[in-house]
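See structure below.
None of the figures in this text is laboratory data; all of them are computed from the coordinates on show. Computed from a predicted model, the values in this text were never measured in an experiment. Reconstructed Cβ throughout: ideal geometry from the backbone, glycine too, with neighbour counts over all protein chains shown.
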Amino acid sequence: MSSEIAKLIREHNEMMRYSIPLIASENLTSKAVRMCYLSDFGHRYAEGKVGERYYAGCKFIDEVERIAIELTKKLFEVEYANVQPISGVVANLAAFFAFTNPGDTIFSISVPCGGHISHDKISAAGLRGLKIVYYPFDVEEMNVDVEGTEKIAKDVKPKLFVLGSSLILRRQPTKEIKEIAEKIDAKVMFDASHVLGLIAGKVYPNPIKEGADVLTASTHKTFFGPQRALILSDERYGKRIDKAVFPGVVSNHHLHSLAGYAISAMEMLEFGEAYAKQVVKNARKLAETLYDLGYKVLGEKFGFTETHQIAVDVRELGGGDKVARKLEEVGIILNKNLLPWDSVDIASNPSGIRIGVQEVTRLGMKEEEMIKIAEFIDSTLRNKKRAEEIRGEIREFRKSFQTVKFAFEESDAYEIC
Ligand code: DSN
């Protein structure tokens, strides 16, 4: 039986090795990060804070967590960091516990406009008993409508304004929302899961510096970390966030991935700026090329994207589900996505697809390769060649992109250590 699992993992790795990975919420980790997964840290418990554990045997784990916190504070220039949440939803749940009470109202971006489910009734915000009001959203700008929000904020009386999205093409108006929040004694939270690496690489504004009271984020999208999360804030909110995380929503916090996270923060300090710049250049180039080929890429008026993401309206091609399946057949892996005019009821076949270039950028791809990717997409969707032929071309194309770049030691991306 165990050989069956090993075989499936090998087959998965081979599939990824020769595909074009464009899911906007994923990335690769370096070998140094992956090695941490195999360490004894993954067998241990370390409930509590550094130096105040409920278990013996934590002295080296304490040192790793201390280093991880210090690196995080340095990277994001913040006073306070908690690196214990084991996922983005857990970080959001902790922030809701720290900054709201059941029955409070929050402003969130709706899921079709790009918001994450955990900011909504069906997930973390709902579990905390929060009432949700959606921001007015400017579809042309693909951004929160600040004026519209200001008009209704006094009546809505939210306790918290939640910014940050899963479909995030723009810099979001943290400063402006903070000004509105201050007038009604509300707080601002920014879920930076998608753009954390772009913030570290200084191509996306740091929401804490722009006035957000708390930033939550997963660490594995544009950031180089394993799958976990963090919370950043000012020292004055530290105690309540710590308490919401442990004992609130986290017991042990997966110490092998904590060690991996510490290494990824070092990689971000060293390589983050060069990486993030290339990510945005690549996203723009891919968007422009698809647009020139006649695809309905959202956001022509703002240069298509200010992040790692692109959104394309593919209704004319049968919708997001059909398009994503067709691309998967040739080895192009991305996801179908709701667009602002969609109802959540059509989530199984929404209007759009979402494309992220952060992973192919980590593999060393640049603008030239974005043109090739656009051509592969076009050949597939317009049936210019047979699927097997395109599959073969993609296999050949991927042969030159097998190592994880922007790392202290570049290594094979799919090797099983
Ligand atoms: N739903 C994920 C995404 O793909 O953006 C984040 O949790």
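Once you order the gyration tensor axes a ≥ b ≥ c over the Cα atoms, which shape class does segment 258-328 get: rounded for a/c under 1.5, otherwise prolate or oblate by comparing a/b with b/c? It is oblate, given that a/c is not under 1.5 and a/b is not larger than b/c.
Per residue of the chain, the DSSP helices (runs of n ≥ 4 H) give a summed -39500 (n - 2.57) that works out to -12500 deg cm²/dmol at 222 nm. GNM remark for the chain: springs join alpha carbons under 10 Å apart, and the peak mean-square fluctuation among Phe60, Phe271, Phe401 falls on Phe60. In terms of packing, defined here as the mean over residues of other Cβ atoms within 10 angstrom, the peptides 89-99, 108-118, 139-149 line up highest first as 89-99, 108-118, 139-149.
Along the charge dipole of the chain, which of Ile109, His256, Phe406 sits closest to the positive end, that is, farthest toward it, with unit charges on the beta carbon of Lys, Arg, Asp and Glu (+1, +1, -1, -1)? Of Ile109, His256, Phe406, it is His256. Computed over the chain with a Gaussian network model linking Cα atoms closer than 10 Å, the most mobile of Glu288, Glu306, Glu388 is Glu388. Close amide-amide hydrogen proximity is noted between Leu163 and Met189, Phe190, Asp191, each under 5 Å apart and 5 or more residues distant or on a separate chain (H modeled in the peptide plane; Pro and chain starts excluded). Annotation: extensible slack from Glu70 through Glu176 equals 35.2 nm (criterion: 0.36 nm per residue apart, minus Cα-Cα distance). In a reduced charge model with +1 at each Lys and Arg Cβ and -1 at each Asp and Glu Cβ, segment 258-336 shows a dipole moment near 240 debye about its Cα centre.
Report, in debye and to the nearest 20, how large the dipole of segment 115-232 comes out about its Cα centre when Lys and Arg carry +1 and Asp and Glu carry -1 on their Cβ. So the magnitude is around 480 debye.
Here's how it looks for Gln309: its modeled amide H is under 5 Å from none belonging to a residue 5 or more places away or on a different chain.
Among His308, His43, a tally of other beta-carbon atoms within 10 Å of each Cβ gives an order, fewest to most, of His43, His308.
Residues whose amide H comes within less than 5 Å of that of Ser411, counting only those at least five positions distant or on another chain, are Lys31, Val404 (H built at 1.01 Å from N in the peptide plane).
When each of Leu196, Leu28, Leu38 is scored by the number of other beta-carbon atoms lying within 10 Å, the sequence from fewest to most is Leu38, Leu28, Leu196. Other residues within the sphere of radius under 10 Å centred on the Cβ of Ala347, judged by their own Cβ, net out at -2 (K and R +1, D and E -1).
Apply the Debye scattering formula to segment 1-81, with a single equal point scatterer on each alpha-carbon and no solvent, then give log10 I(q)/I(0) at q = 0.18, 0.25 Å⁻¹. Cα-only, vacuum Debye calculation for segment 1-81: -0.98, -1.22.
Simple spin-label estimate for Lys384 and Leu8 gives 3.7 nm between the two label positions (7 Å along the Cα-to-Cβ direction from each Cα).
Look at the dipole of the chain built from charges on Cβ: of Ile184, Leu293, Met142, the Cα furthest out on the positive end belongs to Ile184. What's the FRET efficiency of Asn252 with Lys322 using the Cβ-Cβ distance as r and R₀ = 56 Å, to the nearest 0.05? My answer for the efficiency is 0.85. Using 0.36 nm per residue and subtracting the Cα-Cα separation, the extra length available between Asp185 and Glu52 on full extension is 44.5 nm.
Cα centroid separation, segment 326-395 to segment 152-211: 30 Å. Using only the alpha-carbon atoms of the chain as identical scatterers, what base-10 log of I(q)/I(0) does the Debye formula give at q = 0.06, 0.07, 0.14, 0.15 Å⁻¹? At q = 0.06, 0.07, 0.14, 0.15 Å⁻¹ the computed log10 ratios are -0.24, -0.33, -1.31, -1.46.
Taking the Cα centre of the chain as reference, the dipole from Cβ charges on Lys and Arg (+1) and Asp and Glu (-1) amounts to some 400 debye. Roughly how many whole Å is it from the C-alpha centroid of segment 65-113 to that of segment 216-249? Computed from Cα coordinates, the inter-centre distance equals 4 Å. In terms of surrounding Cβ atoms within a 10 Å radius of their Cβ, Arg228, Arg17, Arg362 rank from fewest to most as Arg17, Arg228, Arg362.
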